[in-house]
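One structure is given below, encoded as structure tokens.
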Amino acid sequence: MDDVENIKSYMKKLGEQARSASLALAKADTNKKNSALENIAIALEKNRSELIAENKKDLVAGEANGLDAALLDRLTLNDVRIDSMIDGIRQVATLPDPIGEITDLKYRPSGIQVGKMRVALGVVGIIYESRPNVTADAAVLCLKSGNAAILRGGSEAIHSNKAIAKCIEQGLIKAELPVAAVQVVETIDRAAVGELITMPDYVDVIIPRGGKGLIERISKDASVPVIKHLDGICHVYIDDDADINKAIDIAFNAKTHRYGVCNAMETLLVSEAIAKTVLPPLANKYVDEGVELRGCSKTCEIASDAKFDIKSATDIDWETEYLAPILSIKVVAGVDEAIAHIQKFSSKHTESIVTENYTTSRQFLTEVDSSSVMINASTRFADGFEYGLGAEIGISTDKFHVRGPVGLEGLTSQKYIVFGDGQIRT
């Protein structure tokens, strides 16, 4: 399918089928949608061996093509991650169906009642790299929220995505829903992405998940609205009123729990008053774990006295999403300087403060403008599953139309509804 016209025709066909399927989904009741989700979960369980075997093909090709460790980690499917996919699907099935929910009903002086009804967006196009679990996560969230989906995964995960797509198809057929409700783009030609993001007649919103370059390109070229975040430069600030044990546990987990994820901490900020106490034991844990440390001049001075390995940080480090075992550390005067640093370098994804001071924590919550702001918790909790949304479709750092982890409600809109009894306007 190398010919440009063939790609155009193929993508148009997917769009037409998705639009038609979205009309059927809009009429599907909650039981039918939940039935599809349960059948998808069952199919994933039954086909577990095939999923891992197909994923192995992608991993072998990825290694041959020089994918780095972080990307290979994102690409990997194993029993634990398949279990997580299945658990996420079943959690979504237990969540309230947002479609048709009526809120804010009020009587007007004319006697009419005005309210809002939650409705599906229609057709959601999702473009993603590496992570094959996104195929399942995106499909079930779109289905439960009444949306048809066109999924375009990265070429590096093509075998994994096709295997998961087969399971989704089985679930849709058993639930008697249109197979076109979830379509995986089968060509790896990049021209397909260009078509998908410029089909406003068939696609209502685009959600890109991947590297900064991909998301910048889509945001620039799309003629369809985009829900996005460019990168995850997340911070943890250890305040002078922090509990030392909490600080060490939180900061260590935020960086080392997983490296190749957008909610991993990339910069650690430490109050000067507590830096000499907390940094040496924390730094030694990082070094033992194989994390490369890069610090400001004050951090390097503490490192020299405490004899732990560190490199001098450059200005570029503060604005870099490593997605790797690398951490930048800066010693700051206090919460005001920490907030100023975050305001300058944050990607507005997730920031956390470790403190026992209520006033300081409230200041941090109020003044830090990110999609998730935390007190005494690891940034790794910035996740739809952990927030109780079920599987998430992405994390938005925009302020419209949704912000933070995008779950069911983020894939819906509202329309005004009016109940009357013969009223006419005079």
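No value in this document is a laboratory result; all are computed from the given coordinates. Quick caveat, the model's predicted, so the values are computed rather than measured. Please note: Cβ atoms are built from the backbone with ideal geometry, for glycine as well, and neighbour counts cover all protein chains shown.
Loop exposure criterion: chymotrypsin sites (Phe, Trp or Tyr not before Pro), DSSP state outside H, G, I, E and B, at most 15 other Cβ atoms within 10 Å. Applied to the chain, the longest stretch between such sites is 1-386.
Residue exposure proxy: Glu63, Glu386, ordered by other Cβ atoms within 10 angstrom of their Cβ from fewest to most, comes out as Glu63, Glu386. Quick check on segment 274-351: take the gyration tensor over C-alpha atoms, sort the square-rooted eigenvalues as a ≥ b ≥ c, and tell me if it's rounded (a/c under 1.5), prolate or oblate. Here segment 274-351 falls in the oblate category. Comparing Arg131, Arg294, Arg108 in a Gaussian network model of the chain (Cα springs below 10 Å), the most mobile by mean-square fluctuation is Arg108. Prolate is the label for segment 192-291. Its Cα gyration tensor axes, ordered a ≥ b ≥ c, give a/c of at least 1.5 and a/b above b/c. Between Ala53 and Ala306, the contour length at 0.36 nm per residue exceeds the alpha carbon distance by 86.3 nm.
Taking 0.36 nm per residue of separation and subtracting the current Cα-Cα distance, fully stretching the chain between Thr277 and Asn65 would add 71.9 nm.
Between Gln343 and Asn284, the simple spin-label model (points 7 angstrom out along Cα→Cβ) gives 3.8 nm.
Each stretch of four or more DSSP H residues adds -39500 (n - 2.57); spread over every residue of the chain, this sum gives -14000 deg cm²/dmol at 222 nm. Put a plus charge on the Cβ of each Lys and Arg, a minus charge on the Cβ of each Asp and Glu, and nothing anywhere else: the dipole of segment 234-381 about its Cα centre is then about 300 debye.
Of all aspartates and glutamates in the structure, the ones whose alpha carbon falls short of 14 Å from that of Lys32, not counting any fewer than 8 places away in one chain, are Asp97, Glu176. Applying 1/(1 + (r/R0)^6) with R0 = 56 Å to the Cβ-Cβ distance of Thr366 and Ala24 gives a FRET efficiency near 0.75. Taking a quarter of the surface of the Cα convex hull of segment 234-381 gives a mean projected area of 7.2 nm². Relative to the compact-globule estimate of 2.2 N^0.38 Å, the Cα radius of gyration of the chain comes out at 1.08. What's log10 of I(q)/I(0) for segment 9-140 at q = 0.14, 0.18, 0.20 Å⁻¹, Debye sum over Cα points only, no solvent? So the normalised log intensities are -0.84, -1.13, -1.23. As a calculated quantity, the FRET efficiency between Ser84 and Lys116 at R0 = 30 Å, using C-beta atoms, amounts to about 0.30.
Along the charge dipole of the chain, Cβ charges K/R +1 and D/E -1, which of Val114, Leu268, Ile173 sits furthest on the positive end? Going by the Cα projections, it comes out as Val114. The value of relative contact order for segment 291-367, using C-alpha pairs under 8 Å at least six residues apart, is 30 percent.
Treating r as the C-beta distance of Asn245 and Thr103 and R0 as 45 Å, the FRET efficiency rounds to 0.55. Across the chain, the mean sequence separation of Cα contacts (distance under 8 Å, 6 or more residues apart), normalised by length, yields a relative contact order of 19 percent. Counted by neighbouring Cβ atoms within 10 Å, the residues His401, His229, His349, His159 run from fewest to most as His401, His159, His229, His349.
Shown here for segment 156-242: GluC sites (Glu not before Pro) in loop regions (DSSP other than H, G, I, E, B) with at most 13 other Cβ atoms within 10 Å, namely Glu176. Would you work out if segment 1-86 is rounded, prolate or oblate? Take a ≥ b ≥ c from the square roots of the eigenvalues of the alpha-carbon gyration tensor; rounded if a/c is under 1.5, else prolate when a/b is larger than b/c, oblate otherwise. In terms of gyration-tensor shape, oblate. Mind checking which of Val331, Val406, Ser361 is farthest towards the positive end of segment 331-426's charge dipole, using Cβ charges of +1 (Lys, Arg) and -1 (Asp, Glu) about the Cα centre? Result: Val406.
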